[in-house]
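Remarks on the structure that follows.
The values are calculated or read from the model by the stated rules, or taken from the named source; none is laboratory data. It should be emphasised that the depicted structure is a prediction, and the values quoted were computed from it without experimental measurement. When we count neighbours, we look across all protein chains shown, and the Cβ atoms used for this are built from the backbone with ideal geometry, even at glycine.
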Amino acid sequence: MDIITKIITTIGGIIGVLAAISVLVGIKNIRSGMSNDDSRTLDKGIEQVIVGGVMALVVTGVVAYVITQVGNIRF
């Protein structure tokens, strides 16, 4: 079970990093949209920040839940 837990944690970590990168790209788009007065880029950046943040939170919760449930399996 220890190997499965490590695999699940690694997959969750990778998805979490991708979500954090999405948030950072969204912040870049927000700044770009504000400086160029481009509402389309600004809206896209806000959406990326929100979706990336929500994805990071959801993945953290799901990984914690799955690890707990895997730990409860007894043979």
For this session: Please work out which residue is nearest to Leu42 (Cα to Cα), limiting yourself to the stretch 14-27 and to residues that are free of Cβ contacts under 8 Å to residues at least 40 places away in the same chain and among the small types (Gly, Ala, Ser).
Result: Gly26
Problem set entry | Meets criteria (of a type in the set (Lys, Arg), surrounded by 15 or more Cβ atoms within 10 Å (Cβ to Cβ) and outside any loop (DSSP other than H, G, I, E, B)) for Lys28 | no
Problem set entry | Per-region count, the stretch 31-53, residues surrounded by 15 or more Cβ atoms within 10 Å (Cβ to Cβ) and touching a residue at least 24 places away in the same chain (Cβ under 8 Å) | 4
Exercise. Regarding Ala56, is this residue of a type in the set (Gly, Ala, Ser) and surrounded by 15 or more Cβ atoms within 10 Å (Cβ to Cβ)?
Worked result: yes
Exercise. From the list Gly13, Gly26, Gly52, which one is within 30 Å of Phe75 (Cα to Cα) and either among the small types (Gly, Ala, Ser) or at pLDDT 95 or above (or both)?
Worked result: Gly13
Exercise. Among the residues of the stretch 20-62, which ones are in contact with a Ser or Thr (Cβ under 9 Å, 6 or more places away or on another chain) and closer than 30 Å to Thr5 by Cβ?
Worked result: Val51, Gly52, Gly53, Met55, Ala56
